[in-house]
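**Q** One structure, as structure tokens, below. Some questions next.
The values are calculated or read from the model by the stated rules, or taken from the named source; none is laboratory data. Note that the coordinates shown come from a computational prediction; the quantities given were computed from them, not determined experimentally. Please note: Cβ atoms are built from the backbone with ideal geometry, for glycine as well, and neighbour counts cover all protein chains shown.
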Amino acid sequence: MSSTPEERRFALGRALDRFGEALARDPAADPLVLDATIQRFEFCVDLFWRVLQDALRREGIAVASPRAAFRGAYAQGWLDQEAIWLAMIEDRNRTADTYREALAREVFARLPGHLAAMRAALARVPAA
């Protein structure tokens, strides 16, 4: 990965903004909104765990997976409610591995909460 921790953190902020823009659209009016919003969510989870990995590394903690990064960040007090973050990883993995419209709609309903959790937590994660 050639980008710096600062570039990843900046990219995450922009990705969260775009995720919010996607969530503001009505998937009933345009079926592609459902897919695009879920894709934005997947990007954000992927970037978020990398930002956590950077911050944990600065603390002397090495993690090599999203689950380990979220658990490490929770242990550092940067994240609230570990179960929410582990469920977020599960949602990301389920939507990335297979496409089923019923599953997509189920996950889509949880996305506003996921976005709110990510935005709040990013403010607590120290810059690497």
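**Q** Say we look at region 20-58 and pick out the residues that are buried (at least 20 other Cβ atoms within 10 Å of the Cβ) and of a type in the set (Phe, Trp, Tyr); which of these is nearest to residue 121 (Cα to Cα)?
**A** 48
**Q** Given the residues 63, 33, 51, which is the only one that is in contact with an Asp or Glu (Cβ under 7 Å, 6 or more places away or on another chain) and of a type in the set (A, V, I, L, M)?
**A** Just a single option satisfies the conditions, and that option is 33.
**Q** Same structure again: Taking residue 104 as meeting all but one of (1) modelled with pLDDT under 95; (2) of a type in the set (Gly, Ala, Ser); (3) farther than 16 Å from residue 39 by Cβ, write down the number of the exception.
**A** Exception for residue 104: condition (3).
**Q** For the structure I just gave you, tell me whether residue 40 is in a helix (DSSP H, G or I), in contact with a helix residue (DSSP H, G or I) (Cβ under 8 Å, 6 or more places away or on another chain) and of a type in the set (D, E, K, R).
**A** yes
**Q** Hey, which of the helices (runs of 4 or more DSSP H) in region 61-128, taking only ones fully inside, have at least 2 residues that are touching a residue at least 40 places away in the same chain (Cβ under 8 Å) and buried (at least 18 other Cβ atoms within 10 Å of the Cβ)?
**A** Counting at least 2 such residues, we get 82-97, 101-124.
**Q** Considering only residues that are at pLDDT 95 or above and in contact with a helix residue (DSSP H, G or I) (Cβ under 9 Å, 6 or more places away or on another chain), which ones fall in region 14-32?
**A** 15, 16, 18, 19, 20, 21, 22, 23, 25, listed by residue number.
**Q** Any chance you could count how many residues in region 19-39 are over 19 Å from residue 99 (Cβ atoms) and out of contact with any Lys or Arg (no Cβ under 9 Å at 6 or more places or on another chain)?
**A** Qualifying residue count, region 19-39: 4.
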